[in-house]
1. List the residues whose amide H sits under 5 Å from the amide H of A:Ile297, counting only those 5 or more places along or on another chain, with H placed 1.01 Å from N in the peptide plane.
2. In Å, what Rg and Dmax follow from the Cα atoms of the stretch A:63-115?
3. Go from 0 up to the bin containing the longest alpha carbon distance in chain A, width 10 Å each, and give me the % of pairs per bin.
4. Report, to two decimal places, the Cα Rg of the stretch A:30-143 normalised by 2.2 N^0.38 Å (N = number of residues).
5. Going by a ≥ b ≥ c, the root eigenvalues of the Cα gyration tensor, does the stretch A:470-522 fall in the rounded group (a/c under 1.5), the prolate group (a/b larger than b/c) or the oblate group?
6. Length gain on complete extension for the stretch A:Glu737 to A:His132, per 0.36 nm per residue less the alpha carbon to alpha carbon distance?
7. Do any GluC sites (Glu not before Pro) in the stretch A:89-155 lie in a DSSP loop with no more than 16 other beta carbon atoms within 10 Å, and if so, which?
8. Under 19 Å from the Cα of A:Lys829, which lysines turn up, not counting those fewer than eight places away in the same chain?
Amino acid sequence: MSEALLDKGYEPHEVEARWYRYWLENKLFAAKDRDGEREAFSIVIPPPNVTGKLHMGHALNNTLQDILCRYQRLCGKNVLWMPGTDHAGIATQNVVEKQLASEGKSRDDLGRDAFIDRVWEWRKEYGGAIIHQLQRLGASCDWDRERFTMDEGLSRAVRKVFVRLYEEGLIYKGHYLINWCPRCHTALADLEVEHEEKASFLYHIAYPLTDGSGSLVVATTRPETLFGDTAVALHPEDERYADLSCASVKLPLTDREIPVIRDSYVDREFGTGCLKVTPAHDPNDFELGIKHGLEQIKAIDDDGRMNAHAGPFAGLDRFVARERAVAELEKQGLLVKKEDLTHSVGHCYRCKTVVEPNLSLQWFVKVGPLADKALKAVEEGKTRIYPENWTKTYYEWMRNIRDWCISRQIWWGHRIPAWTCEDCGRLLVLEADPETCPDCGGTALTQESDVLDTWFSSALWPFSTMGWPEKTDLLKTFYPTSVLVTGFDILFFWVARMMMMGTHFMDEVPFKDVYIHALVRDAEGKKMSKSLGNVIDPLEVIEKYGTDAFRFTLTSFAAMGRDIKLSEERVEGYRHFINKLWNAARFSLMHLDQAYDSFDPKAISLPDQWILSRLHSVGAQAQQALDTYRFNDAASILYRFVWNEFCDWYLEAIKPILFGKSGDAAMRATKGVLYRVISDTLILLHPIVPFVTEEIWEKLPGGRGSIMEADFPTLNWDNQRLAYSPEAEVSMEFVIELVTGVRNIRGEMNLSPAQALNALFHTDNPFQKEMLTQHQDLMKLLARLDTLDVMPVGERPRASATSIVSGSALYVLLEGVLDFAKEVERLDKAMAKVDKELGGIAAKLENSGFVDKAPEPVVKKVKAQYEELVEKRAQLLANRDRIAGMV
RNA sequence: GGGCGAAUAGCUCAGCUGGGAGAGCAACGGCCUUACAAGCCGUGGGUCACAGGUUCGAUCCCUGUUUCGCCCACCA
């Protein structure tokens, strides 16, 4: 027995490392490709970036997934949690370039092939970091199946998808205005641009009319783009310009003349109602330029510097050029006005550089048809989004979607499978690298230098990881996946695109449910960020408080649709819970010298019946909560059960039985119940706190293997032995009410727990009489009473404090000890409470509308409450007056 | 400009389809009662943001207002 004893305090670190190793070695996370019997359950992990370091978002995201996976395994399902990482094109390239820079080199010094080798090297060395961190979190992924978005199989899937979309006319190449990051030197998709409100200026600049009759004043926030202007636009019905006869203006700081055009696109209310048109550097102007056949002049180069079109400003950075140009315009008297204006400026989501709208040749996905399918799938309920209000956001986005720019001018990523024949100019888009041109037989084929947007490959993740385009058993068993768990920040980047690709290529949605969780913020509700210095490192938290405490904290705060404000104190609070559980187990183990795997239902005590009944309800509630993604509910249901019911009442109540005061048969029965309850409680808790539950499970006698292989308790409720018992709950509630009454008197009277007390209970109620005789010892123990006598309602004892229990009076005899004034005060307080409740209920009953219209059971219930309170009040008053008379 | 969400105890938050306001932490008082002082027992504390409406009845449903947060959007 002594060897089974647990240490006094729970020590997480050694336990966590040991069990994680055990689970891996015994393949307890492994899914079966095919399983004829068990139902399948699958989740694909949102692949963290290889450059990633575990942050709070990952911690929450993966804790929730792990809870679901572990829960479903306990429910007997064949569970696949597919792990992997994302190559994260721009992010990873940036990291490696930085590393090169510290060696004084650039990627161009290495050349494309050598650079890519270098990235792979980097990945080999550091790419596993995030995986190890997920393992510290307890993530039960099927690690043998780990995938990477750049590995061979996934690359094949990417090519296949690209070629098919191209052949279906859903991928095209063209010159369009895209968002350009001058630092990363690549195009970005609209989504990859972060807009931020910035204080800036609106410059009013005079463009002289060529006939010398004056000038047109345009308003712009980006004066440096004027070198790319190819027109000035007015609204056709703008009366201010109705008389204008001159059809062209002279572009300031240049020798060019540009036309004046009319278009209703121009907003007459804004600025001067006169718009400068720069088709190569502004998306609206681009459209306008096409409509009016305007020339497209690029004045800003890909590195963000002005080019030859800017004359004397050529070579200057765009922002320097802005200042210089404004100064020059002012000198020439062409700057009419400079006013304050805050407007939103786009930044690169990777490096935060201000993006430049730029004209270039790029590849695009025509998303309309794909979005239609993805939209319909959710409308038809094939995929359900939780919490539901995100569906609306999803719909909005899908309905207003624009074509997706997928080419990136970087090296790290899936190179676009398109080649140009140098001889005949033919463009080839193929899955396999071509040797010769099918048209002219030429062998000088040049592959596109661009790579694909990282999100292109992650859009295929749910099926590419399962072996698509092969028809694998894995796909057959696990696709569509059961649920996708993710944060809302990548709803569009990732979830929406998986929906498009999944419905298009698999003819089936990628997941049945999408659970969108909150963001983890700091204690003040601010987003955690390096620049604010408010980042809490999950690994440090784990180090300090243990993984289970951390996981329980995240789970408790993971209410649907609400952000989590995390601080260390909160984790500390839940560490107490882990410790409480540990100590409860320690106590139990002192009495469980063997596996008590059965008990005699006839020999069990009231607390036994009660705790079994409670376990039954709590198990059902926990199951319900987990089935509906109400993680915080599951956590709090179990927390309260373990602490406030199992520890506070049950363990205290069975102590005399365990110490042999009720005989051997009773002891055996109670040990059986204790064994059962603690076992089931551990299983219920295991999905949330896997380590401590496994550790305790192992120490329990019986040698039942890993807790991961146990059955979730609700699967096999044995109704004979373990059923919901309202009678037992009512009885135990009576005991609790009585005991609490005594404790209240003790507390309010400042009587030490050591002080011996005697009590009388006056009742004519048969049930109560029965309770008092049957469970007298139990009540005496819990209330620390020397004697507790029951007698018919009669004369009240003299010096006693009163507590009303279920309408009957309990008298705690305090001869020589009672402070009469204090007792009167206490009873007054109790009465005031009753009066307050009574007030509301009486008003309700006097309202004829309520009595007539409210449903029968409700009225009945309220009436019963009323009777009870009236009785209670009368009792209190009688006793109060009696004591008052003795002062 | 559109959309979404939040406002409940000193703090952080629950409160599922309308029927007597809850938890944790903090505070206060008392306890080292042989699993646990990371503990035990007890106590206090809320016009459920504001104003209307629907209803017999509203923290919950509807309308409006205020404050805060987020997302989306090509108005220079």
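The values are calculated or read from the model by the stated rules, or taken from the named source; none is laboratory data. Not measured: the values here are computed from a predicted model. When we count neighbours, we look across all protein chains shown, and the Cβ atoms used for this are built from the backbone with ideal geometry, even at glycine. All accessible areas refer to the heavy atoms of the entire protein, side chains included, with ligands and DNA or RNA removed. Shrake-Rupley method; radii C 1.70, N 1.55, O 1.52, S 1.80 Å.
1. A:Ala280
2. Values for the stretch A:63-115 (Cα only, Rg and Dmax): 20.2, 57 Å.
3. 2, 10, 15, 16, 15, 12, 10, 8, 6, 4, 1, 0
4. Numbers: Rg = 18.1 Å, N = 114, 2.2 N^0.38 = 13.3 Å.
Compared with the compact-globule rule of thumb, the stretch A:30-143 sits at 1.36.
5. Working: a/c = 3.23, a/b = 1.98, b/c = 1.63.
In terms of gyration-tensor shape, prolate.
6. Values: separation 605, 0.36 × 605 = 217.80 nm, distance 5.08 nm.
Full extension from A:Glu737 to A:His132 adds 212.7 nm.
7. Taking the stretch A:89-155 and a limit of 16 other Cβ atoms within 10 Å, the loop GluC sites (Glu not before Pro) found are A:Glu103.
8. Reachable lysines: A:Lys872.
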